[in-house]
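Asker: Below you'll find the structure I mean.
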Amino acid sequence: METFAPKLSEALLTPDPHYIPGYSGYCPQLKFHMGKTYSQHTAELLSSPDVKHSSRLVLHTGPSPSTDTAALTLRGIPNGNLKKVIPGYTGFIPRSQNYFSRSFSDVCFKAQAEFHQEREARNLERSTELPLVFTSTNRQFERPKRFLTANKVVSFKPSYTPVTISPYSMDDDNQHKHFISGFTGHVPKSRFLMGKGYPIITKEALIKFGKEQRSDSTSPETLRKDSTTPPIQTIYQSKSGVVPSFTGHIPGNKFMFGHTFGQISREALERFRIERLLREKS
């Protein structure tokens, strides 16, 4: 019984060009197609005239074989050191990336021949573009003209003068009394200001902070109602004691006894306030 070699079915082979599964590059409109294998989809997209893709595909058949057989000889390569490349050589061989599926010696030979051809062609182009040399000795050349300059030198000075004073020391009506956007430092009194630009917020905060620093800390002006920041709550009330469950520190509390906790705390806080005022006056 006669036997024949098995034939490859055209249904099992995907026509070229197509990308093999595992290719991670970009394929136009691939994510909008489904229902077929990766190779079939890429073959349709790369060959369809309705799909917009680059005229130069990633797939390349490699360099076309040269017809000049005389140039592809070892005698045409002037560098004799590159002729003796053995397998295992780790140096750089120009144009070797264009050849594959061959032995190491064959790849090196083809790459060196291609590189030599390109270099000879480049040298030939350079030699044809050289201008003619004039041998006449009495030819006069014009001197290069000088650059055009104005009779009066105009010096440019920037209209903006840098500010060297700290915004804290500026007057309230100074236009530079603010911090620029991007400043990452702490700006006092700016925590509760919002809804405006950063320069405006920092200017209002600096003005508020300057007024509080200039005024007396014990005066009621620091707690006026039209303030842009809420008043700071005091821990110790000056006219009332604290509740018995208070676990904080009360100055002079441990030296007083015989009364309730509220009376002792009231008397201790009153005495502490009087001593502080006396120290400030002295």
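Asker: One residue is enough: does the stretch 103-112 have a residue meeting the conditions outside the structural domain of His33 (by TED's automatic domain parsing) and either part of a loop (DSSP other than H, G, I, E, B) or at pLDDT below 60 (or both)? Let's see the steps before the verdict.
Answerer: Residues of the stretch 103-112 outside the structural domain of His33 (by TED's automatic domain parsing): 103-112.
If we keep only those that are either part of a loop (DSSP other than H, G, I, E, B) or at pLDDT below 60 (or both) as well, we get 103.
Yes - at least one qualifying residue is present in the stretch 103-112.
Asker: I would also like to ask the following. Say whether the condition of being in contact with a Pro (Cβ under 8 Å, 6 or more places away or on another chain) and either part of a loop (DSSP other than H, G, I, E, B) or at pLDDT below 80 (or both) is met by at least one residue in the stretch 225-239.
Answerer: Residues of the stretch 225-239 that are in contact with a Pro (Cβ under 8 Å, 6 or more places away or on another chain), as a first pass: none.
No, there is no match, as no residue in the stretch 225-239 is in contact with a Pro (Cβ under 8 Å, 6 or more places away or on another chain) and either part of a loop (DSSP other than H, G, I, E, B) or at pLDDT below 80 (or both).
Asker: Also, I was wondering about something else. Mind checking which pairs have a first residue in the stretch 185-196 that is under 16 Å from Ile207 (Cβ atoms) and in the same structural domain as Lys208 (by TED's automatic domain parsing) and a second that is aromatic (Phe, Trp, Tyr) and surrounded by 11 or more Cβ atoms within 10 Å (Cβ to Cβ), Cβ under 8 Å, 6 or more apart or different chains?
Answerer: Val187/Phe179; Pro188/Phe209; Lys189/Phe209
Asker: Another one. Scan the stretch 241-262 for residues that are at negative phi and exposed (fewer than 11 other Cβ atoms within 10 Å of the Cβ) and jot them down. Give the derivation first.
Answerer: Going residue by residue through the stretch 241-262, those that are at negative phi are 241-251, 253-257, 259-262.
Of everything in the stretch 241-262, those that are at negative phi and exposed (fewer than 11 other Cβ atoms within 10 Å of the Cβ) turn out to be Val243, Pro244, Ser245, Thr247, Gly248, His249, Lys254, Phe255, Phe257, Thr260.
The values are calculated or read from the model by the stated rules, or taken from the named source; none is laboratory data. Just so we're clear, the structure is a prediction, and the values are computed from it rather than from any experiment. Methodologically, a virtual Cβ is constructed for each residue, glycine included, from the backbone with ideal geometry; neighbour enumeration extends over all protein chains shown.
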